[in-house]
Amino acid sequence: MAKVAPASPAAAADVASGDAIVAVQGIVVDGAKADDLKATAVPIGNPLRLSVKRGNAEPHEVTLVAVAKP
């Protein structure tokens, strides 16, 4: 994750700059390209499950609500 906006759902879920997203909605995305991620898209207002890896720690799952880009 390159940058996390301070008041974003990601920040509220404790996702931080430098974290690696390794799965979205249970689908492994480690190294995936943008076109490969279309299957993981969720409508605005729906929950989005991310598996996040921080440093050398084991990945942990967070759930946030998808919002429109500002």
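In region 53-70, the residue that is most open to solvent (accessible area, probe 1.4 Å) out of those that are part of a loop (DSSP other than H, G, I, E, B) and of a type outside the set (D, E, K, R) is Pro70.
In region 1-30, the residues that are farther than 10 Å from Val52 by Cα and part of a loop (DSSP other than H, G, I, E, B) reach residues that are among the polar types (S, T, N, Q) and open to solvent by less than 30 Å² (accessible area, probe 1.4 Å) with C-beta atoms within less than 9 angstrom, at least six apart or across chains, in these pairs: Gln25/Thr40; Gly26/Thr40; Gly26/Ser51; Val29/Thr40; Val29/Ser51.
The values are calculated or read from the model by the stated rules, or taken from the named source; none is laboratory data. It should be emphasised that the depicted structure is a prediction, and the values quoted were computed from it without experimental measurement. All Cβ positions, glycine included, derive from the backbone under ideal geometry; neighbour counts span all protein chains shown. These area figures cover heavy atoms from the full protein model, side chains too; ligands, DNA and RNA do not enter into them. Shrake-Rupley method; radii C 1.70, N 1.55, O 1.52, S 1.80 Å.
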